[in-house]
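Below is one structure, written out as structure tokens, with a few remarks after it.
Where a number appears in this text, it was derived from the coordinates with a stated rule and is not lab data. These numbers were taken from a predicted model, which means no experiment stands behind them. Cβ atoms come from the backbone with ideal geometry, glycine included; neighbour counts cover every protein chain shown.
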Amino acid sequence: MRTIFVFLAVIVVCYAATITQLNHVTHTTHALLTRADHTTSEPAETDMITFQFQPATHHLLVKKNSDRQTTNCYIATLTDTEHAYIHTDYGMRSVELRLLAALGSATAVTDVSTLDQRDVDSCRTYSHAHTMYYTITV
């Protein structure tokens, strides 16, 4: 009986040693952990860039929300080598980095009817945002 009791006590102690207890932050310690003066009124800055491969046109679309009302859609033409690269993680990452570097030299599209309709449909947003189209060529 004593052996069973000691065995159970050891199991309970081992189990208790493996469990981490989260520190409870009270209202008093919260004030010490954060800045007391929340006087800034600057809006939060967010930036989101989305890459989407369009299999029908073999274009890589880069969608970037420049502000709440405007979405920039960059349509990149891939080379045959880049098209082969996008099937691996490393290759996709290198193509994405090249396109990010080329965003500043993209050409604005004034006539959307010159673009492939499938690319335009993929760039559309469901919000009331205005979409600006750009092309990136090698």
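You can think of it this way: the chain between PHE53 and ASP80 has 8.3 nm of extra reach, that is 0.36 nm per residue less the Cα-Cα gap. Between ASP89 and ASP121, the modelled label-to-label distance comes to 3.3 nm, taking each label 7 Å out from Cα in the direction of the beta carbon.
One quarter of the convex hull surface built on the alpha carbon atoms of the stretch 66-138 amounts to 5.7 nm², the projected area averaged over directions.
One decimal place: the segment SER105-ASP67 gains 11.7 nm when fully extended, by the rule 0.36 nm per residue minus the C-alpha distance.
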